[in-house]
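Okay, structure first, notes after.
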Amino acid sequence: DVKVTQSSRYLVKRTGEKVFLECVQDMDHENMFWYRQDPGLGLRLIYFSYDVKMKEKGDIPEGYSVSREKKERFSLILESASTNQTSMYLCASSWGGGYTFGSGTRLTVV
Amino acid sequence: GDSVTQMEGPVTLSEEAFLTINCTYTATGYPSLFWYVQYPGEGLQLLLKATKADDKGSNKGFEATYRKETTSFHLEKGSVQVSDSAVYFCALSRLAGKSTFGDGTTLTVKP
């Protein structure tokens, strides 16, 4: 089975910190995605990537950036964390439509 | 653009009851359709999929049929269990890979 691994299940960071959320997949998928999930707002796409060193903005990219230096790794970066970025972050990789998700990182910014 | 509309929750059922969660979509062409399930504190898991009209996806007793004429992909299960309590998401996807998700429907099954 494809595995998507997110480096942390829970994170607590301070306002203004630079935060890195790491995601690794083990199945050579080209497509990778970062979503955030908030109660009542569903899943919102932050960034996605169809290949190494390639990135596309999703619906809510403001305050975030991404890095994809290797095919298996897709990192989400919060340049200067703010309290409104407290959320559940979900990484996924795709094999032609269907997604495999990681377990999620619950980030709290204080 | 593409969109997915799910029936609003929450849905509460007794064990062994019949489950239907409605999902309709708006899209041009022939997207693939999916149901995902999310258990508390976890990421989403692919439950079933259908890639063309009249296809039926099935898994763990759940079923959904791709109905192009009604642009629907309703999720059904004949007899739910307490362990089916979760949030269910309907989604569509194209060859480019990016998916559009519904807002999710919370199911609670009581013993």
Members of segment A:69-102 found to be surrounded by fewer than 19 Cβ atoms within 10 Å (Cβ to Cβ), within 14 Å of chain B (Cβ to nearest Cβ) and touching a residue at least 60 places away in the same chain (Cβ under 8 Å), listed by number: A:Trp95
From the options B:Lys49, B:Lys77, B:Lys56, residue that is over 30 Å from A:Tyr10 (Cα atoms), among the basic types (Lys, Arg) and either in contact with a Pro (Cβ under 8 Å, 6 or more places away or on another chain) or loosely packed, with under 13 Cβ neighbours inside 10 Å (or both): B:Lys56
Residue that is nearest to B:Thr65 (Cα to Cα) [pool: residues in segment B:1-46 that are surrounded by 14 or more Cβ atoms within 10 Å (Cβ to Cβ) and of a type in the set (D, E, K, R)]: B:Asp2
Residues (surrounded by fewer than 16 Cβ atoms within 10 Å (Cβ to Cβ), of a type outside the set (A, V, I, L, M, F, W, C) and assigned to a strand (DSSP E or B)) located in segment A:1-34: A:Thr5, A:Tyr10
Output for segment B:92-111, where each listed residue is more than 8 Å from every other protein chain (Cβ to nearest Cβ) and either in a strand (DSSP E or B) or in contact with a Cys (Cβ under 9 Å, 6 or more places away or on another chain) (or both): B:Leu92, B:Thr100, B:Thr105, B:Thr106, B:Leu107, B:Thr108, B:Val109, B:Lys110
Only listed residue being within 16 Å of B:Ser93 (Cβ to Cβ), assigned to a loop (DSSP other than H, G, I, E, B) and not hydroxyl-bearing (Ser, Thr, Tyr), chosen from A:Gly96, A:Gly40: A:Gly96
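Just so you know, all these numbers are worked out from the coordinates, no wet-lab data involved. Computed from a predicted model, the values in this text were never measured in an experiment. Counting neighbours? That spans all protein chains shown, and the Cβs are built from the backbone with ideal geometry, glycine included.
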